[in-house]
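Heads up, the thing below is written out as structure tokens.
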Amino acid sequence: MFAAALLGGAVVTIQITLGAFLLAFLLGLLLAVIDSMRVMLLRALVATYVEVFRNVPALTLLFIIYFGLAQVGIRLQPIPAAIIGLGLGGGAVLTEVFRAAFRALHQGQREAALAVGMTPMMAIRHIILPQAWRVVLPPLGNYAVALLKETSVASAIAAPEIMFYARQLVTRTFETPLVYAMTSLLYLAMTVPMAHVVWRLEQRRRWA
């Protein structure tokens, strides 16, 4: 009984992780590209977004999106609300990751691309991004592992992920040590393989 309920929550945990990661990835990449255009107003807006969403706790974001928006007539289901909240926070983190990767590349490459007639967007697409992937892959993997664990806060808005079912099982059975031990093992079963992949990526980058 315990395993079936927790495994059902694991499916939702993976769904939230994938959805939030995709949103964070797209936001982070887009905002880092905008920041690289060196337009002061746009860079100020990106910096504001990063500072706000990087420093607001994930649980607070979920409450604002799930409960706050409902006050103005925008009602989201728990899973989409969790994906949006975690994705917005993750977007701020990945903006910094992509921005650091862009800055790690020699400025002369960008200038050379512009000198041969490329537009700034062409330079980013054909010159900057292909090289940046090698830099960002390990941090992206580390973020994915952290994000999977962070999905546990989604239980606070009734998203039926692992911790949501764990708390329900504890309430019904009072088998607190057993339920949370099984929950920990389930998280380990998901995060350890992911962490191993991240480690392999870091090793490949180190020896590339």
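The values are calculated or read from the model by the stated rules, or taken from the named source; none is laboratory data. Source: prediction; values computed, not measured. Don't worry about glycine lacking a Cβ; one is built from the backbone with ideal geometry, like all the others, and counts go over all protein chains shown. Note: areas computed on protein heavy atoms with side chains; ligands, DNA, RNA excluded. Shrake-Rupley method; radii C 1.70, N 1.55, O 1.52, S 1.80 Å.
In region 177-197, which residue that is modelled with pLDDT of 90 or more and of a type in the set (Val, Ile, Thr) is farthest from residue 139 (Cα to Cα)?
Once the filter is applied, the top-ranked residue is 179.
Within region 1-35, track down each residue that is modelled with pLDDT of 90 or more and of a type in the set (Phe, Trp, Tyr).
Across region 1-35, the qualifying residues are 21, 25.
Does residue 128 satisfy the criteria of being open to solvent by less than 70 Å² (accessible area, probe 1.4 Å), under 19 Å from residue 88 (Cβ atoms) and at pLDDT 70 or above?
no
In region 165-180, which residues are open to solvent by 50 Å² or more (accessible area, probe 1.4 Å) and either within 17 Å of residue 7 (Cα to Cα) or of a type outside the set (Val, Ile, Thr) (or both)?
165, 167, 168, 172, 174, 175, 177, 178, 180
Identify the single condition in (1) at pLDDT 90 or above; (2) basic (Lys, Arg); (3) not in a loop (DSSP other than H, G, I, E, B) that residue 103 does not satisfy, given that it satisfies every other one.
(1)
Is it true that some residue in region 37-51 is open to solvent by less than 60 Å² (accessible area, probe 1.4 Å), part of a helix (DSSP H, G or I), hydroxyl-bearing (Ser, Thr, Tyr) and more than 25 Å from residue 164 (Cα to Cα)?
Yes, that holds for at least one residue.
Which of the residues that make up region 140-164 are open to solvent by less than 10 Å² (accessible area, probe 1.4 Å), of a type outside the set (Val, Ile, Thr) and farther than 11 Å from residue 21 by Cβ?
154, 159, 161, listed by residue number.
If I ask for residues that are open to solvent by less than 60 Å² (accessible area, probe 1.4 Å) and either in contact with a helix residue (DSSP H, G or I) (Cβ under 9 Å, 6 or more places away or on another chain) or in contact (Cβ under 8 Å) with a residue 40 or more places away in the chain (or both), which ones from region 181-201 would you list?
182, 183, 186, 187, 190, 191, 194, 195, 198, 201, listed by residue number.
Sort out which residues of region 52-92 are surrounded by fewer than 20 Cβ atoms within 10 Å (Cβ to Cβ) and of a type in the set (A, V, I, L, M), and write them in order of number.
Once the filter is applied, which keeps residues that are surrounded by fewer than 20 Cβ atoms within 10 Å (Cβ to Cβ) and of a type in the set (A, V, I, L, M), region 52-92 yields 52, 56, 59, 64, 69, 70, 72, 74, 76, 79, 84.
Return the total of residues in region 106-122 being over 28 Å from the mean Cα position of the chain (by Cα) and modelled with pLDDT of 70 or more.
Selection size over region 106-122: 2.
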